[in-house]
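Sharing a structure with you now.
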């Protein structure tokens with residue numbers, strides 16, 4: 001944990017993490033789960049209502065990207081590969097950022113249990129994508 005956090009690099013990395021996580025979510029949910037969502041469309045809000053609530057999804061991804069990147073930057077270890085650190089951080093954060101939510105909600109929501117598994121996998125992929133992007137992009141400031 002050498003060096004100091006570079007605010008500019010952290011913000012640029014967080015923005016790129018945000019873009020990558022949004023893209024991952026769109027691909028996973030539309031391509032991989034689109035058929036499942038269609039089969040169970042009686043469970044979901046109508047598309048017009050979803051559109052009005054879409055800013056909440058954008059906000060949640062922005063908050064995730066910012067804090068993921070900030071915590072990653074705080075623990076960044078100079079002299080070690082960024083990609084490996086990003087991968088490790090993603091695997092460590094996934095149970096906190098995603099898995100626990102799916103496990104905690106499953107008993108209470110009348111939704112087929114497979115969706116919680118799908119969403120836990122989506123959370124893992126989102127964390128891995130975020131970790132890879134953060135690991136490749138973020139570098140701490142060097143002391144002057």
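The values are calculated or read from the model by the stated rules, or taken from the named source; none is laboratory data. This structure is a prediction, so every number in the text was calculated from the model and none was measured. Note: ideal-geometry Cβ built from the backbone for every residue, glycine included; neighbour counts use all protein chains shown.
Specify the residue that is nearest to residue 111 (Cα to Cα); the eligible residues are those in the range 6-39 that are over 21 Å from the mean Cα position of the chain (by Cα) and surrounded by 12 or more Cβ atoms within 10 Å (Cβ to Cβ). Walk me through it before giving the result.
To start, the set of residues in the range 6-39 that are over 21 Å from the mean Cα position of the chain (by Cα) comprises 6, 35-36, 38-39.
After this cut, where a residue has to be surrounded by 12 or more Cβ atoms within 10 Å (Cβ to Cβ) as well, the list is 6, 36.
Working: 6: 43, 36: 12 Å.
Restricting to residues being over 21 Å from the mean Cα position of the chain (by Cα) and surrounded by 12 or more Cβ atoms within 10 Å (Cβ to Cβ), the top hit is 36.
Among the residues of the range 13-48, which ones are under 15 Å from residue 119 (Cβ atoms) and outside any helix (DSSP H, G or I)?
33, 40, 44
Considering only the range 81-102, I want to know if a residue exists there that is more than 19 Å from residue 22 (Cα to Cα), assigned to a loop (DSSP other than H, G, I, E, B) and at pLDDT below 95.
Among the residues of the range 81-102, at least one is more than 19 Å from residue 22 (Cα to Cα), assigned to a loop (DSSP other than H, G, I, E, B) and at pLDDT below 95, which makes the answer yes.
What number of residues within the range 90-120 are over 19 Å from residue 42 (Cα atoms) and touching a residue at least 12 places away in the same chain (Cβ under 8 Å)?
12
Next up: Looking only at the range 71-84, filter to residues that are in contact with a helix residue (DSSP H, G or I) (Cβ under 6 Å, 6 or more places away or on another chain) and within 11 Å of residue 140 (Cβ to Cβ); which one of those is surrounded by the most Cβ atoms within 10 Å (Cβ to Cβ)? Break it down stepwise before answering.
From the range 71-84, those in contact with a helix residue (DSSP H, G or I) (Cβ under 6 Å, 6 or more places away or on another chain) are 72-73, 82-83; that's our starting set.
Filter once more, keeping what is within 11 Å of residue 140 (Cβ to Cβ): 72-73, 82.
Details: 72: 26, 73: 23, 82: 20.
The residue in question is 72.
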